[in-house]
Amino acid sequence: EAGVAQSPRYKIIEKRQSVAFWCNPISGHATLYWYQQILGQGPKLLIQFQNNGVVDDSQLPKDRFSAERLKGVDSTLKIQPAKLEDSAVYLCASSLDSQQYNSPLHFGNGTRLTVT
Amino acid sequence: DQQVKQNSPSLSVQEGRISILNCDYTNSMFDYFLWYKKYPAEGPTFLISISSIKDKNEDGRFTVFLNKSAKHLSLHIVPSQPGDSAVYFCAASAQGSGTYKYIFGTGTRLKVLA
C-alpha cells in the first residue's frame, strides 16, 4: 500500500511569512495527525482528526496555526505568521481508526521547516 | 510534564551483541505501547507494539518487555546489526474522549558498531 505522502520536503521562510504543508494519508485511514518535532525532542501532537472532525487540538497554537481536513482525506497545516521557534520537522501520520485499540500510527517523511 | 521518558539519549553496541533501549512512563492509564525507528530525513516507522495485558511481545530480532508495576518498557534487539543504527522512540497511548492519543518519548540514538 502507498504510504503517507507529504509535501514539500523542505521549506525555508523568513519570520512573519506564511507557509502551508500538505498531507495525504494512507487510503482508508480514518485518523490523521499532525506532529511537530523540534530537534532533539520527540514528536509532539498538534492536531488529530477523526475523518473530517477535530478530536484534539489542545496543543495547537491557534493564534498562528490552522489545519483542515477536507472530505476526510488529505489535510493542510498552515502557519501564519511564522516565528523562529516554529523551525522543526512537521510530521503527518495516519492510523486506521484511533477509536480502535491497537491501531499504530504510520508516518510520512515530514517537512523540514527553517524560519530565518 | 513528560509522561513518556527515554533517559538515555544515546547508546553504542557492538554488532552481534544485544541492544537494550529503555522507556519509563508515568500515566497508569496508558494501555498500548509502541516502538518506532527513525532514520535521518525519514519519518518514524512502526517497529513493534505491546498491549498492557501482556508482558512480552516478540517479532524476529525485536522483543518488547512491559513491566506495569514499574511503569517501564524496554526494547531488546538481538543480534544487533549496523542497519539498526537509528533513533528509537517509544510511544504510549490511552483512550481519551473516545479516541486513542499517542505520547512520544524524546528518543534514544542507537549506534551499532561493525
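The values are calculated or read from the model by the stated rules, or taken from the named source; none is laboratory data. Note that this is a predicted model, so its numbers are computed, not measured. Heads up, the Cβs are rebuilt from the backbone with ideal geometry, glycines too, and the neighbour counts pull from every protein chain shown. Accessible surface is based on the protein model in full, side chains and every heavy atom, while ligands, DNA and RNA are left aside. Shrake-Rupley method; radii C 1.70, N 1.55, O 1.52, S 1.80 Å.
Could you list, by residue number, the cysteines of the protein assembly as shown that have no other cysteine's beta carbon within less than 4.7 Å of their beta carbon?
none
Order B:THR26, A:THR111 by their accessible area, 1.4 angstrom probe, all chains in place, largest first.
Of B:THR26, A:THR111, the descending order of accessible area is B:THR26, A:THR111.
So which residue, out of B:LEU66, B:LEU47, B:LEU34, gets the largest mean-square fluctuation from a GNM of chain B using Cα contacts under 10 Å as springs?
B:LEU47
Count charges around B:ALA41 for me, please; just the other residues with Cβ under 9 Å from its Cβ, Lys/Arg as +1, Asp/Glu as -1.
Taking every Cβ under 9 Å from that of B:ALA41, the sum is +1.
At q = 0.10, 0.14, 0.22 Å⁻¹, work out log10 I(q)/I(0) for chain A with the Debye formula, treating every Cα as an identical point scatterer and leaving solvent out; two decimals please.
Cα-only, vacuum Debye calculation for chain A: -0.26, -0.52, -1.25.
For A:15-21, what's the mean count of beta carbons from other chains sitting within 10 Å of each residue's beta carbon?
Mean partner-chain Cβ count within 10 Å for A:15-21: 0.
Can you give the average number of partner chain beta-carbon atoms within 10 Å of each beta-carbon in peptide B:42-49, as a whole number?
So the per-residue partner count for this stretch is 6.
So if we plug the beta-carbon distance of B:HIS76 and A:LYS71 into 1/(1 + (r/R0)^6) with R0 = 45 Å, what FRET efficiency do we get, rounded to 0.05?
Working from the Cβ atoms, E equals 0.55.
Give, rounded to the nearest 20 debye, the magnitude of the charge dipole that the stretch B:4-113 has about its Cα centre when Lys and Arg contribute +1 at Cβ and Asp and Glu contribute -1 at Cβ.
Around 180 debye, computed over the stretch B:4-113.
State the percentage of accessible surface on chain A attributable to carbon and sulfur atoms; use a 1.4 Å probe and exclude ligands, DNA and RNA.
After summing per-atom areas, the C and S share lands at 48 percent.
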